[in-house]
Each structure stands twice: as structure tokens, then as C-alpha cells.
Amino acid sequence: MAGIVSTLRIAALLPLLCLSVVSASAAPPHSPISAVSQLGSISNEQAAQSIPVHFEATVTFPRPSEKNLFVMDGDFGCYVRWPVDQGLLPGDRIVVTGHTAPSFRPIVVASTVTFLHHGEMPPAKPATFADLIQSKWDARRVLVSGRVLSAAVDDSKPYHSLRVRVKVPDGTVEGIVAHPGNLGPGDLLDADVRIAGIAGGEFDSKMQMAGIWLDMNSWQDLVILHHPPADPWSVPAVAMADVIGAYRFSNQSSRVRIVGTLTYYEPGSLAVLQQEHGLSMLVKTNTTLAMHTGNPVEATGFPGVTDEMVRLENAQLRPIAPIPSAQPASVHWEQASVGKYAYDLVSMEGEVVGVVHDSHVDLLIILSEGHLFSATLRHASSDVSSSASFTAPSIPIGSRVRVTGVCFVDAGNHWRDRLWFDVRMRSLDDIVILQPPSWWTVKRLAWIVSFLLFAILIAVLWVGWLDRSLRAKTAALARQSQEDAIRERAFARQEQQRSHILELISSSVPLSEVLGEIESMVSSRLSGVPCWFELGLLAGNSSEPERRVEPGVVSRELLSHDGLPLGFLLARPRWVHGTPTDVEAALTAGARLAELAIETRRLYSDLRHRSEHDLLTDIPNRFSMERHLDQLMARASRNEGIFGLIYLDLDRFKQVNDRYGHRIGDLYLQEVTHRMKLQLRGDDVLARIGGDEFIVLVPILRSRADADEIAVRLERCFDEPFQLDGHLIHGSASIGLAIYPEDGTNQEALQHAADAAMYAHKQSRRAKTSHPASHTEPLPLR
């Protein structure tokens, strides 16, 4: 886990925007940056233009092995990417030369770093959890106080460090001490501490803030204010069934200690402990001690509840004196699938029907009692990772095996549904082959059957030549064979129809045509009787049908995958000579195909809409806009016509988010979109291409004046203030217009022209607002 977190932190500081996109937007050049404070006044879009940088600053956290170098000047800080190890120390005064680059915030990519002299570190400013989670102190030296929840030595990096998690008012803070000295995890658990570090963040794959991270240079940045009143390991051990008694909501749970046998262990990630009487518990831990399954251990941590399962979080592990070891329970699929043995050490038997080998896991798919489950051997398991001679298991398909491991159950409602479970094995010793695959394979059986059929045919011919009296019986057998062939042809024809329908479902054929084919198939199976569909609202009909109660009419209800009614398949089988079972089978087969067709079309329509529209404003996104723009250019090129492209950028939108929060910002974007749509004609296309950037395509124009009129209407729609949840917001926008082919004959040229016009409009409005006599723009926020 430590390696993954480190990777995420490094990835958080890498550029996220491609320079090709920035060049396409053709933003104007920016003056060189000569002070750290100037970085806070530029956007990521501007930083992507590689603005020259030359300033002095003080080193606050050097880490060449991670290409990290945090610096501050006054009350301002920034991140500098510099992989060269110059032996810089915290407090060194340096000169940084390089250029800007985009990241979570604009950063600096250094070309040279020059040492001037050693000085004093900037003072650490007290910070609250709310300020840190909003990144108000990003890259600055801050001071926080709290209680240590967990501490662990991190040996996954090239250097020795200490990771801590501290509970502070309103949340938790993660941190790492680069040079811990003699400071160890045993000194910190439950201690009240004050830490001084460089504020940063943990980020998800979308570069959104996902947690708080502090970088501390050495043990001197972590001061123990109060040692724990008692040794955390002296907390009385409790049964796993009683762990939930210490759980409190909102990070207020009390520390508990449990003892048991280690039945599964992935160092630095998770472990499973089991006690007597089948009690077991999942433990989330950063501990990386060398321990193996079967060892007696104790764990101290805080209760948590996830997916209706109690587990121990922020836990520490250590070995203890021997105790009675846990033995695997022999269970069946029925017992395991209801979650009764979740996280217990179990043993199960079955036939191997599939084997998957990967660089991180080996997986067996096992058939047991007519049901499938998986047994996995993860290479991160302590018993596997510590084995120098580990090789992937070679289990022949068809073998009957016994697997032993911990039963991990997926989330779900175990009171209503069967749950998918995975038996996680610890080592190759947990796989025992009970019986090799049977000699009777399908291929060998086919050869034997073919030989027997040939022998029977020879015998029949020989008997026919010997006894002419058997010709009558042979004729009867021939007639029977002919009837069987007719039935087989009918079955083959039905399967052909079904295959054809499945092909139509997977294609772009209209739903009505697919349902028509299904009606023909059902009617054919029922000897040509009338059958039809009556669909409901979910299937695209304008009214909700009711089940028809009419003599001679039978129906089968169509249901979606989540049980909602879609409609009915009806037939009038009074002329059918078959049995009710045939009618039931035909209607059921048709209903299942219809359900699949309707659900597939609904899913396709939903996915296509999501791929082409912005999820917040439900208007076309950049991809859809570019496709419309290509079509407009092709049509205008053929007809020698013109069309307009209007580029619109909301003014001071960041202030709305900063002052009122992202929820009001989202409502503001939706209301702006609604007002702009009211100003457009039926053929005009409004698209959102960025956070506060929109493009309007005006396909029908007689002259530039028509487009100018629409641009004015769009600008005037901001005259009235926006009332959002009791807040009165005065908005405005900068607008730029480009005409095809006058301003460009391709996408890049048109967008460049519109962007340049928008920027000129923005500059002219700023120039006006700088003179009180010409002030025409309302305050943005009120």
C-alpha cells in the first residue's frame, strides 16, 4: 500500500494537460515569473505554456529520489521538480531557473538550481483540517496537533522513513517523516503530538483531492506533547464478536485489542485473524513485519463497519506467545455463499473448470455442487512473497481438488441474495489434488461412439441380408428416423431464428424490427397463431399496458433486469394442437429475447447519450461539438455556405466556487446553460467544452450581423442576477465570434479565432472597468 500511495503522490505532481491542447487554444503569452507569489495568480492553462521562471526561495523539503523539492518565499510556496541530488538541506536559500507546468496547481520544472547560502526555515503556521482539505495551505509549512492513530516503518522506498496517521479535529492527516532517527512506531501509538510539515494532498486518478498529506523532514518536526496514558498493547483483549462495541461514528471509536491466529496476511495492506469457535475478522494495517500464516498475533486498532461487516482499521500487528491455532472448517457452497463463513479459514472441494495465471495472482475456477466459485493465490501474500522458489501452480483442467484459505465475501444483501465469494489461499500447500482428470474425454468418447455406430450399421446390414423378414421392421425404423429428422430440422430452424435475432439485438437494427422477428419466431413455433407485444413506458411506449384478460389469450410479462415491468407478449393459441407446455416454452423463449432486446437498446441509448453530453448541464460535450463542427464544415464546403462559432468563457467562475462551494457553482452552471439555451434558435448547438467554457455553433447565417446578434443576446442573458439557494450572484461572460470560412477553414483555426476574439473582449471589458466613469459591469458576487 505504501508503494501505491507514494505513486499517487508523485502522480499528483506530474503535468495533466498536453501542450498540444494548450497550443490549440492559442492563449496569449505571459510575462516571466520572478517571484513565488506570482505562481498563485496563473491558471493551469497558462502554466502549460512553459512560462519562464527565475526567482529566489528557501528550501522547505528536499527529496531528489522522488524528484521533490518544496520551496517557500515569504508566505508563498510551490513545488519544484528537480531530480538532481545537490545535497540541499531545509533552510537553504537557492535560485531556481526553469519554466512552469500544469498539475493540481501550477508547478515549476527547474533547469538549474543554484545554492546561495543556508538560512532559517520559514515558521510553521497553525492550520485547521478545513483549510488543509481545501488546499488553502498547499506547499506551505503548517503546524497541526492531534493523536496518533497508527505508525509504521516504510521500507518500500530507497530510503528509511516513518509513516503516521494522526486524528485531528474534524478529520485525519497522513504524514511521512523522511529521517525518523530513533523515533519508532512504539513511541507514537495514542500519543498526542504536534507536527510541522509541508502541506500537500493525496489525489485520486482524476486528480481530485482525496486526503491530506504532510511531508516532515526529520524527527525534530514531530513533537510528542503527551505520551499515551497506557501502553496501547495493554488494552484488554476482546472477542471479535465484541469489537463492534467500541465503534463510534465520525472517527470517535475507541482503541481495542484482539488476539488470534494469522490466517491471511498481505504486508502493508491487510490481514485476517481468527479465534476459536469460528470467529474471524479483517484487519486493515500498514504493518510490514515478517510474519506468516499460522503465527499467533495480536492486533490493536479502531473498529470500523464497511458493507455491514465489522473490521479493524488503522491497526498494528505483532507476534505473541503460542495459542491454539485455527483449523480450517470444511464447508459447502451453500454455506459459504450466505456469508456465514466470511473471513473464516475454510476448506472446500470441487472440480477445476478454469485456470488463470497473472503476474499478481493465480486463479482457479472451481465447480462445486453445481455452482462456481474462485480460489486465488495472491503473490502479495506473506507466504508467497517470502518464497524465493515460488512457481505458478500447474493444475490440469478437470482435476478434483481441495483448497484451503480464507473466505472473502463480496458486498451484498446476504439476507436476500447469494453472495460471490473467493477463497484466498496462502501458499501452494493450500491446493491438494484429490483426483486427476478422467480418462473419458469428449474426443475419446466421440471416437468410441463413432466406432460403435459403424459396427452397429454393419451388423444391421448383415442381419438384413440374412433375414428378409426384418425388412418391415427396418421400414418402420426408417419412418421413425424421418420423423426425428423433421423434428431436428424444426429445432435447427428455431435455433437459426434465435441466432438471427441475437445478431439483430447486437446490431443497430431498430427495436421494432427485432420485436417483429421475435413475433415471427414465436408464431412459427406455435404453428402460425397470432402473437404480438404490448409494451410499457420503460420500453419506449407512451402508455402503461395492463395484462389482458380475454378468453383464448395467453400472455407472458416482460421484466427488466431490476424487476420493473416492460410489457407483455401475448398469443391466441386456440388453433394450436400442441400441449400447454409447448405454448409456455415458446412464450418464455420469446419473452426472454424481447427483454434482452429492450434492455440492450436502453443501455445503448443511455451510453451514447452519456458519451455525447455533459453530465452536469445535459448539453453536448466537446466530443459531440467537434463532430457537429466537422459536419458543418463539410456541408458549408459543399454548399459554399457560412456558419458561426461563438466561444464563451464565464467571468470569475472560480470566485463562485471558492466563496459558495462547488454545489452553488454547479447550480450556477446549470442556470447559465438554461438562460443561454433560451437565446438560441432551434438549429443552434450549445456545448460545454470545459469547466466554465462553452461553444455555440450557429449553422444558419446570412451574414456576420446575424451571429453578432446572437452573441449580444447571449451576453445580455447575464444582465439579471442569479438567485441560487438564497445567494444573489451577478454573472458575466467574455464572448468571441468566428465565421467560417472568413476566420478559418478548419477546427483549429476557427477555435483559435474565436478564442482570440473572446480574449480581446475580456481585455476591453477590463479596460472599461478600470475607469469609474465607464463602469458598466456589476459586481460578480453579492
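Using a cutoff of 8 angstrom between alpha carbon atoms and counting only pairs six or more residues apart, the relative contact order for region 350-424 works out to 30 percent. DSSP beta bridges fully contained in the chain are about 90 percent antiparallel. Rolling a 1.4 Å probe over the protein chains gives SER524 an accessible area of about 60 Å². Quick one: 3J(HN,Hα) in Hz for region 35-51, Karplus 6.51/-1.76/1.60 with θ = phi - 60°, rounded, Gly and Pro as x. Values, residue by residue: 8, 4, 4, 6, 5, x, 9, 10, 8, 5, 5, 6, 4, 5, 7, 6, 5 Hz. Shown here for region 351-423: trypsin sites (Lys or Arg not before Pro) in loop regions (DSSP other than H, G, I, E, B) with at most 12 other Cβ atoms within 10 Å, namely ARG416. The order of the peptides 285-292, 296-303, 709-716, 480-487 by mean Cβ neighbours within 10 Å, most packed first, is 296-303, 285-292, 709-716, 480-487.
Taking the Cα-to-Cβ direction at TRP420 and at GLN670 and moving 7 Å from each Cα, how far apart do the two end points lie in nm? In this crude label model, TRP420 to GLN670 measures out at 3.3 nm.
Ranking PHE454, PHE694, PHE115 by solvent-accessible area of protein heavy atoms (1.4 Å probe, all protein chains present), from largest to smallest, gives PHE454, PHE115, PHE694. Only protein heavy atoms count here; under a 1.4 Å probe, SER34 has an accessible surface of about 80 Å². Quick check on region 362-434: take the gyration tensor over C-alpha atoms, sort the square-rooted eigenvalues as a ≥ b ≥ c, and tell me if it's rounded (a/c under 1.5), prolate or oblate. Oblate, because a/c is 1.5 or more while a/b does not exceed b/c.
Normalised by the number of residues in the chain, the average gap of Cα pairs under 8 Å and 6 or more apart makes the relative contact order 6 percent. Positive contributions from Lys and Arg (+1) and negative ones from Asp and Glu (-1), summed over other residues with Cβ under 14 Å from the Cβ of ARG713, come out at -3. With Cα atoms defining each centre, region 595-658 and region 671-728 are spaced 15 Å apart in the structure.
Fully extending the segment from ALA239 to TRP447 would add 68.8 nm, taking 0.36 nm per residue of separation and subtracting the current Cα-Cα distance.
Here's how it looks for GLY268: its modeled amide H is under 5 Å from those of THR287, THR288, which are all 5 or more places away or on a different chain.
Protection proxy ranking for 131-142, 264-275, using the average of other Cβ atoms within 10 Å per residue and placing the highest first: 264-275, 131-142.
Solvent exposure of region 702-774, expressed per residue, is 53 Å² of accessible area, with all protein chains present and a 1.4 angstrom probe.
The residues of region 168-258 have, on average, 47 Å² of accessible surface per residue, using a 1.4 Å probe with all protein chains present.
Amide hydrogen proximity for SER253: with H placed 1.01 Å from N in the peptide plane, the residues at 5 or more positions away or on another chain lying under 5 Å are ARG248. For region 128-135, the Karplus equation 6.51 cos²θ - 1.76 cosθ + 1.60, evaluated at θ = phi - 60°, returns couplings of 9, 4, 4, 5, 5, 6, 8, 6 Hz by residue, with Gly and Pro reported as x. Solvent exposure of region 371-500, expressed per residue, is 71 Å² of accessible area, with all protein chains present and a 1.4 angstrom probe. The listed residues LEU502, LEU69, once ranked by accessible area (1.4 Å probe) with the largest placed first, stand as LEU502, LEU69.
Dividing the convex hull volume of the alpha-carbon atoms in region 256-337 by its residue count gives 100 Å³ per residue. Computed over neighbours whose Cβ is under 13 Å from that of GLN496, the net charge equals 0, Lys and Arg +1, Asp and Glu -1. Between the beta carbons of THR745 and ALA705, assuming R0 = 22 Å, the FRET efficiency works out to 0.55 to the nearest 0.05. Computed 3J(HN,Hα) for region 517-530, one whole-Hz value per residue from the Karplus formula 6.51 cos²θ - 1.76 cosθ + 1.60 where θ = phi - 60°, is 4, 5, 4, 5, 5, 5, 4, 5, 5, 9, 6, x, 6, x, glycine and proline marked x. Ordered from largest to smallest accessible area (heavy atoms of protein chains, 1.4 Å probe), the residues ARG255, ARG489 come out as ARG489, ARG255. Carbon-plus-sulfur accessible fraction, the chain (probe radius 1.4 Å, protein heavy atoms only): 56%.
The local environment of LEU669, defined by Cβ-Cβ distances under 13 Å, has a net charge of -2 under the rule Lys, Arg +1 and Asp, Glu -1. For region 117-222, the list of GluC sites (Glu not before Pro) that fall in a loop by DSSP and count at most 13 other C-beta atoms within 10 angstrom reads GLU120. Taking amide H positions as modeled 1.01 Å from N, with prolines and chain starts lacking one, the residues under 5 Å from ILE107 and 5 or more places away or on another chain are ALA101. For the chain, a/c is not less than 1.5, where a ≥ b ≥ c are the root eigenvalues of the C-alpha gyration tensor, and a/b does not top b/c. That puts it in the oblate class. If R0 equals 45 Å, the separation of the Cβ atoms of ASP562 and LEU225 corresponds to a calculated FRET efficiency of about 0.25. For region 703-743, relative contact order (Cα pairs under 8 Å, six or more residues apart, normalised by length) works out to 36 percent.
The values are calculated or read from the model by the stated rules, or taken from the named source; none is laboratory data. In this text, all values refer to a predicted model and were calculated from it rather than measured experimentally. Note that we place each Cβ from the backbone using ideal geometry, even for glycine, and neighbour counts take in every protein chain shown. These area figures cover heavy atoms from the full protein model, side chains too; ligands, DNA and RNA do not enter into them. Shrake-Rupley method; radii C 1.70, N 1.55, O 1.52, S 1.80 Å.
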